[in-house]
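Participant: My questions all concern the structure below.
The values are calculated or read from the model by the stated rules, or taken from the named source; none is laboratory data. Everything quoted here is computed from the prediction, not taken from an experiment. In this analysis, Cβ positions are derived from the backbone assuming ideal geometry, glycine residues included, and neighbour counts consider all displayed protein chains. Each accessible area value is taken on the protein alone, full model and side chains, heavy atoms only, with ligands, DNA and RNA left out. Shrake-Rupley method; radii C 1.70, N 1.55, O 1.52, S 1.80 Å.
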Amino acid sequence: MSTSSTYPKLRLSTLPNGVRVVSQQIQGMQSAAIGIRIDSSTRNEEPETGGASHFIEHLLFKGTPSRSADQITDEFNSIGARANAYTSQEEVFYYATSLASIIPATFEILADMFVHSSLPEEEVEKERGVVLQEILMNQDNPSRFIYNQFHQGFWQGHPLGTPILGTAETIGAISRQRLMEYKFANYLTNATIVSVAGNVEHDLVVEQAARLLGELPTGTPRTKKADPQHRVAVGQNVHYQRSMEQTHFYMGYPLPPAGNEHRHKLAVLNQVLGSGMNSRLFREVRERRSLAYTVYSMMSSYTDSAGLMIYAGTGPERAQEAVDVCHCEVLRFCDELVTEEVLAAAKEQIRCARLMALDDCETQVRRISNTTSLLGAPEPIELSLEGIAAVSAEEVRDVAQLLFRGVVPRVESVGPGEGPGLPR
């Protein structure tokens, strides 16, 4: 078992302009990763700018005054770095992995993109077509389609319910000028987090960040808040009819927001419920009843809301049975204690997964950025593991009773026929 002396060292610094720099030093590793996160994304968009955050994410790779799109790609390639980005409901994250010795050069390119991207007009028009194809691809993929539809339905009336990609109408209409205005209003210092993981020196990254990000506009983006009385849309059922072989569905239950006092108990509950081959959903839905090839549960957590979601793909004639069985497995936590053997195995699965993930710098650079944003500081891995280790079977039952007793989940599905209804 790892001891506290072997855990990586975490440090957090805030530059005078408000940019935060967080590092996780892991000595002896050849690789490293660096990321720049902006804490403003889809939830802050207006109807006419729907999809702007994701569109800009694409366009940041398309050129600056000192680098063309091809030069950006060629420079990353020439130093052996791999760059990528993603957009979620609450952040856009640009990151790259490379040898630890190459992180300074990698950071130079990422920062130039982040601060100076010029969104060239010709690139906007070309990438507009790419994003429109991405929207069509997600429409054609049943599991992606129903995930996106479920997310929008579960958080209907909430800023989190805005589709990440936007729509064909908003992407087709938004101008380069409007994209530039959106970027200048949101890519601000107080919403920017630089994170780095691997065999790196914190002070050197801080020094470089101060130089490279000094031209960022100062301030904090305007964040759209949900109505204090808003509740996620559970107890509702929607089916999208398509001619296909399977029915894919998501069902979801409300949870307290990220960083809540129950997060370690919920992590254990989710592990037991639907994470891995020894989970209750896998054993009951797949192994015992042969209802699905793929079935799992997951938690989506945001600053002011969260949900527990279950996914399965099954035959249309047995879709209702699958929904019923999944709901029964959730309610089991309310009525019976998880055995000590199952509890111990679940906690060990979480512990081992989190320790093994320390070897993956890309995963870690996301983790420390995420916890810095959501919790105010990077969460030391040892505190996370202590929280998991302390969870009891009684606490799992109690949190299930608190959150799931009497709740009818939301169910959304896509497939032939009428689709499944709410659990019976």
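Participant: Could you grab the relative contact order for the chain? Cα pairs under 8 Å, six or more apart, rounded to a whole percent.
Facilitator: Contact order relative to length: 22 percent.
Participant: Identify, among S373, A33, I72, the residue whose Cα sits farthest towards the positive end of the charge dipole of the chain, taking +1 on the Cβ of Lys and Arg and -1 on the Cβ of Asp and Glu, with the dipole about the Cα centre.
Facilitator: S373
Participant: How big is the gap, in Å, between the Cα center of the stretch 80-101 and the Cα center of the stretch 252-316?
Facilitator: Between the Cα centres of the stretch 80-101 and the stretch 252-316 lies a distance of 27 Å.
Participant: When the chain is modelled as a GNM with alpha-carbon springs shorter than 10 Å, which of I109, I381, I79 fluctuates the most?
Facilitator: Fluctuation is largest for I79.
Participant: Would you work out the charge dipole size for the stretch 309-410 about its Cα centre, treating the Cβ of every Lys and Arg as +1 and the Cβ of every Asp and Glu as -1, and quote it to the nearest 20 debye?
Facilitator: Using only the charged Cβ atoms, the result is roughly 360 debye.
Participant: Determine the per residue accessible area of the stretch 5-109 with all protein chains present and a 1.4 angstrom probe, expressed in square angstrom.
Facilitator: For the stretch 5-109, the solvent-accessible area averages 38 Å² per residue.
Participant: Kindly identify the stretch 146-194 as rounded, prolate or oblate by the Cα gyration tensor criterion: order the square roots of the eigenvalues as a ≥ b ≥ c, call it rounded if a/c is under 1.5, otherwise compare a/b with b/c, prolate if a/b is larger, else oblate.
Facilitator: Oblate is the answer for the stretch 146-194, as a/c is 1.5 or above yet b/c matches or exceeds a/b.
Participant: According to a simple spin-label model (label point 7 Å from Cα along Cα-to-Cβ), what is the distance in nm between E287 and E340?
Facilitator: If labels sit at E340 and E287, their model points lie 2.2 nm apart.
Participant: Also: Among V338, T314, T303, whose Cα sits farthest toward the positive end of the charge dipole of the stretch 281-424 (+1 at Cβ of Lys/Arg, -1 at Cβ of Asp/Glu, about the Cα centre)?
Facilitator: So the residue furthest toward the plus end is T314.
Participant: Going by amide H atoms built from the backbone, whose H comes under 5 Å of the H on Y296, apart from near neighbours?
Facilitator: Here the answer is Y311, since their amide H atoms fall under 5 Å of that of Y296.
Participant: Anything over 20 Å Cα to Cα? Flag those among K126/K224; K62/K183; K265/K347; K62/K126, in the order listed.
Facilitator: Those over the limit are K126/K224.
Participant: Considering the chain as a Gaussian network with a 10 Å cut-off on Cα pairs, which listed residue, R11, R410, R37, attains the greatest mean-square fluctuation?
Facilitator: R11
Participant: If you don't mind, another one. Please give the per residue accessible area of the stretch 294-351, computed with a probe of 1.4 Å over protein heavy atoms only, in Å².
Facilitator: The answer is 39 Å² per residue.
Participant: Treat each spin label as a single point 7 Å out from the Cα along the C-beta direction, and report the E125 to N260 distance in nm.
Facilitator: So the label points at E125 and N260 sit 4.9 nm apart.
Participant: Counting Lys and Arg as +1 and Asp and Glu as -1, each charge on the Cβ, what is the dipole of the stretch 178-239 about the Cα centre in debye, to the nearest 20?
Facilitator: 500 debye
Participant: Let me ask something additional. Give, rounded to the nearest 20 debye, the magnitude of the charge dipole that the chain has about its Cα centre when Lys and Arg contribute +1 at Cβ and Asp and Glu contribute -1 at Cβ.
Facilitator: With Lys and Arg at +1 and Asp and Glu at -1, about 560 debye.
Participant: Shape of the stretch 155-274 from its Cα gyration tensor (a ≥ b ≥ c, root eigenvalues): rounded if a/c is under 1.5, otherwise prolate when a/b > b/c, or oblate?
Facilitator: Judged from the Cα gyration tensor, the stretch 155-274 comes out oblate (a/c at least 1.5, b/c at or above a/b).
Participant: Non-local amide H neighbours of S279 (under 5 Å, H modeled in plane, Pro and chain starts lacking H): which ones?
Facilitator: Those qualifying (amide H under 5 Å, at least 5 residues apart or on another chain) number zero.
Participant: Continuing with the same structure: What shape does the stretch 227-359 take by its C-alpha gyration tensor, where a ≥ b ≥ c are the square roots of the eigenvalues and a/c under 1.5 counts as rounded, a/b above b/c as prolate, and the rest as oblate?
Facilitator: Note, shape of the stretch 227-359 comes out oblate.
Participant: Roughly how many Å² is the accessible area per residue of the stretch 190-253, as a whole number, for a 1.4 Å probe?
Facilitator: 53 Å²
Participant: For n ≥ 4 DSSP H runs only, could you compute -39500 (n - 2.57) per run for the chain, divide by its residues and tell me the 222 nm figure to the nearest 500?
Facilitator: Roughly -13000 deg cm²/dmol at 222 nm, from the helical runs in the chain.
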